[in-house]
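The structure under discussion appears below in the form of C-alpha cells.
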Amino acid sequence: MKPPVFDYAAPVSLAEATDLLVRHEGDAKVLSGGQSLVPLLNMRLARPAILVDLARIPDLDWVRADDETVAIGAMTRQRTVELSREVQARHPLLHAGLQLIAHPQNRNQGTVGGSLAHADPAAELPALALALDATFDAVGPGGARSVAAADFFLTYLTTALAPTEILTAVRFPTLARRTGWSIIEVARRHGDFALAGVVASVGLATDGAIDRARLVLFGVGATPVRAAAAEGLLVGQRAEAAVFARAGARAAGDLEEPLTDVHASADYRRDLARVLVGRALAEAAARARAA
Amino acid sequence: MTVNGERHEADVEPRTTLVDFLRGTLGLTGTHVGCEHGVCGACTVLWNGKAVRSCIMLAVQADGAELKTVEGLADGPTLHPIQRAFLEKHGLQCGFCTPGFMISVYELLSRTSTPTDEEITDTLGGHICRCTGYQSIVEAVHVAVEKMRTK
Ligand SMILES: Cc1cc2nc3c(=O)[nH]c(=O)nc-3n(C[C@@H](O)[C@H](O)[C@H](O)COP(=O)(O)OP(=O)(O)OC[C@H]3O[C@@H](n4cnc5c(N)ncnc54)[C@H](O)[C@@H]3O)c2cc1C
Ligand code: FES
Ligand code: FES
C-alpha cells in the first residue's frame with residue numbers, strides 16, 4: 001500500500017494554486033488534510049500527476065461566529081472547529097455533527113473544506129450544509145463565486161466546483177429561536193462512516209404546533225438527500241410520535257434506491273432511514289420545547 | 001522538521017508517507033504501521049502538538065513541523081508517567097498498538113489534566129488493540145492522570 005509517483009507543489013497564494021490547477025487541468029488534485037485523498041493514493045484508487053497542497057496559502061484557517069452565521073475557512077481543521085467554544089455556544093448542531101466525523105486523530109488533520117469538497121454521501125458536513133442552507137465560497141481562474149448548498153452536491157463524490165476551482169470558505173447559518181435540532185446516525189463502529197444518518201431541525205409555534213421543519217438524510221443516496229415531502233407532512237402538525245412516524249415512513253419511501261454494499265443492503269438502509277427520522281424528529285422537538 | 005527535539009533535513013520523494021520517513025529514513029521504528037489507511041491508530045504521532053495518523057500524511061506535509069514519536073516520551077532511562085502507567089496496569093500485550101495509544105493519551109493529557117471518561121473513550125476510540133482488552137488501557141489512562149498530577 002504505497003502511493004504511486006506524483007509531483008508536489010505547495011503554492012503560497014490562491015492565484016498561484018489556481019494557475020497550477022489550470023496548467024495541469026484534469027491531472028492535478030488539491031490536497032488539504034489528506035484524510036480521504038492519501039488513503040485513496042495508498043490504495044492507488046487515485047493517480048494524480050501532481051498534488052497542489054493548500055497548507056502554505058495564508059488566510060484559509062479561521063472561524064468567525066456571530067448570532068447569524070458560523071463562517072469557516074476551508075483549511076480549518078475539523079477538530080479546531082469542534083473545540084471552538086464560540087461554535088459550541090452558537091451552533092451546537094454543527095458541533096455535534098463534527099464529533100461524528102471519524103476519530104479525533106483524523107479530525108486533527110482533516111479539514112472542513114476537504115470534507116465538503118470530497119462530498120462523500122455518507123459524510124456529516126455535506127448533510128449539515130444542505131440542512132442549514134450553507135453557502136460555499138470558491139476561487140477559480142475566472143475569479144471568486146459563491147454557491148448555495150442546494151446547488152453544490154451533484155452526485156457521488158462530485159460537486160459544482162470545477163477541477164480548477166478551490167473552495168475557500170463555507171458559511172453555516174445558525175438556527176432560529178425556538179428551533180430544536182438533531183443529528184443521529186448508525187455506523188458499524190464508532191468513527192466509521194454512517195450506514196445511514198439524519199439531520200433534523202424543528203421549529204415550534206407558541207401553540208406548540210410545528211411551524212418549520214428540515215430533514216436531510218445521508219448515507220442513503222449519491223448525495224445528501226433533502227426529504228421535502230416529509231417536511232411538508234410535519235408543518236402545522238402537533239409534535240408527537242405518530243406524526244414523526246408518518247414523516248419517517250414518507251422520507252424512507254421517497255428515497256431512490258439506496259446503496260447496497262458489503263456493509264448493508266438497500267432495504268436495510270431504507271429501514272434505518274425510517275427509524276432514524278422518527279428518532280431525530282423526537283429529539284429535535286424536545287430541544288425546541290426546552291429552547 | 002524537528003523530531004523529538006532534534007532537527008532533521010532530508011530530500012524526500014513526494015509520495016513518501018510520514019511513517020515511512022520516520023521509520024525508514026530516520027530509523028525511528030517505534031511508530032508502527034498497521035492498516036495504512038487511517039483506521040487502526042498504530043502510526044499515530046504528535047504533529048505540532050496534535051495526534052495524527054502518519055500513514056495518511058505525506059512526509060512533505062510535515063515540512064517545518066514539530067513532531068514527537070514514542071521515542072520522545074521517556075527522559076533517558078526514566079519512563080514517562082504514561083509509559084509507567086501502561087506497564088503497571090498491563091495496558092499492553094504484544095505492544096504493536098501501544099506507541100499510537102500512548103501518543104494519543106499524551107495529547108489528551110497535555111490538553112487537560114482532568115479528562116472526563118467521555119474524553120478518554122473518545123481518544124482511545126481512535127485506536128484498535130487486538131490483544132489486551134480495552135479495560136486495562138482505560139485503567140492505565142486513569143493511573144497516568146494520577147501520576148502526572150502528583151509528579
Ligand atoms: C478512518 C477514517 C474514518 C473516517 N470517517 C469519516 C466519517 O465518519 N465522516 C466523514 O465525514 N468523514 C470521515 N472520514 C474522512 C474525513 O476524515 C476527511 O477529513 C474528509 O473527508 C476529507 O477532508 P481532508 O481535509 O482530509 O481532505 P483531503 O483528503 O485532502 O481531500 C479530499 C478531496 O477534496 C478535494 N479538496 C480538498 N480541499 C479542497 C478545497 N479547498 N477545494 C477544492 N477541493 C478540495 C481533494 O482534491 C480531494 O479530492 C474518515 C477518514 C478516515 C481516515
Ligand atoms: S497504520 Fe496508520 S492508522 Fe493504521
Ligand atoms: S497490545 Fe497487541 S495489539 Fe494492542
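The values are calculated or read from the model by the stated rules, or taken from the named source; none is laboratory data. Predicted model, so just to flag it, every value in this text is computed and none were measured. Glycine also receives a Cβ, built like all others from the backbone with ideal geometry; neighbour counts cover every protein chain displayed. In case anyone asks, the SASA skips ligands and DNA or RNA and just uses the protein heavy atoms, side chains included. Shrake-Rupley method; radii C 1.70, N 1.55, O 1.52, S 1.80 Å.
The set of residues in segment B:115-151 that are within 14 Å of ligand 3 (Cβ to nearest atom), touching a Leu at 6+ places or on another chain (Cβ under 7 Å) and polar (S, T, N, Q) contains only B:THR132. Return a yes/no flag: does segment B:28-41 have any residue that is away from ligand 1 (no atom under 16 Å from the Cβ), within 16 Å of B:ALA144 (Cβ to Cβ) and open to solvent by 40 Å² or more (accessible area, probe 1.4 Å). Looking through segment B:28-41, none of the residues is away from ligand 1 (no atom under 16 Å from the Cβ), within 16 Å of B:ALA144 (Cβ to Cβ) and open to solvent by 40 Å² or more (accessible area, probe 1.4 Å). Condition first: part of a strand (DSSP E or B), within 14 Å of chain B (Cβ to nearest Cβ) and within 13 Å of ligand 1 (Cβ to nearest atom). Can you find one or more residues in segment A:172-193 that meet it? Yes, some residue in segment A:172-193 is part of a strand (DSSP E or B), within 14 Å of chain B (Cβ to nearest Cβ) and within 13 Å of ligand 1 (Cβ to nearest atom). Being of a type in the set (S, T, N, Q), at pLDDT 95 or above and closer than 22 Å to A:ASN106 by Cβ holds for only one residue in A:THR179, A:THR168, A:THR159, and it is A:THR159.
Going residue by residue through segment B:6-14, is there one that turns out to be touching a helix residue (DSSP H, G or I) at 6+ places or on another chain (Cβ under 8 Å), at the interface with chain A (Cβ under 8 Å from one of its Cβ atoms) and closer than 18 Å to B:ALA74 by Cα? No, segment B:6-14 contains no residue that is touching a helix residue (DSSP H, G or I) at 6+ places or on another chain (Cβ under 8 Å), at the interface with chain A (Cβ under 8 Å from one of its Cβ atoms) and closer than 18 Å to B:ALA74 by Cα.
Scan segment B:19-43 for residues that are of a type in the set (D, E, K, R) and facing chain A (nearest Cβ under 10 Å) and the total you get is 2. Residue count for segment B:44-58 satisfying the condition of being open to solvent by 30 Å² or more (accessible area, probe 1.4 Å) and within 7 Å of chain A (Cβ to nearest Cβ): 1. Scanning segment B:59-68 for residues that are at the interface with chain A (Cβ under 9 Å from one of its Cβ atoms) and not β-branched (Val, Ile, Thr), we see that the one that is surrounded by the fewest Cβ atoms within 10 Å (Cβ to Cβ) is B:ASP63. Screening the candidates A:ALA123, A:ALA144 for the property of being open to solvent by 40 Å² or more (accessible area, probe 1.4 Å), more than 16 Å from ligand 2 (Cβ to nearest atom) and more than 12 Å from every other protein chain (Cβ to nearest Cβ) yields one hit, A:ALA144. Restricting attention to segment A:1-26, the residues that are modelled with pLDDT under 95 and either open to solvent by 70 Å² or more (accessible area, probe 1.4 Å) or more than 9 Å from chain B (Cβ to nearest Cβ) (or both) add up to 4. What do you reckon, is B:GLY100 of a type outside the set (Lys, Arg), within 16 Å of ligand 1 (Cβ to nearest atom), within 12 Å of chain A (Cβ to nearest Cβ) and outside any loop (DSSP other than H, G, I, E, B)? Yes. Just one of (1) surrounded by 15 or more Cβ atoms within 10 Å (Cβ to Cβ); (2) more than 24 Å from the chain's Cα centre (by Cα); (3) part of a loop (DSSP other than H, G, I, E, B) fails for A:ILE57. It is (2). No other residue among B:GLY76, B:GLY100, B:GLY91, B:GLY125 is of a type in the set (Gly, Ala, Ser), within 24 Å of B:VAL3 (Cα to Cα) and buried (at least 17 other Cβ atoms within 10 Å of the Cβ) apart from B:GLY100.
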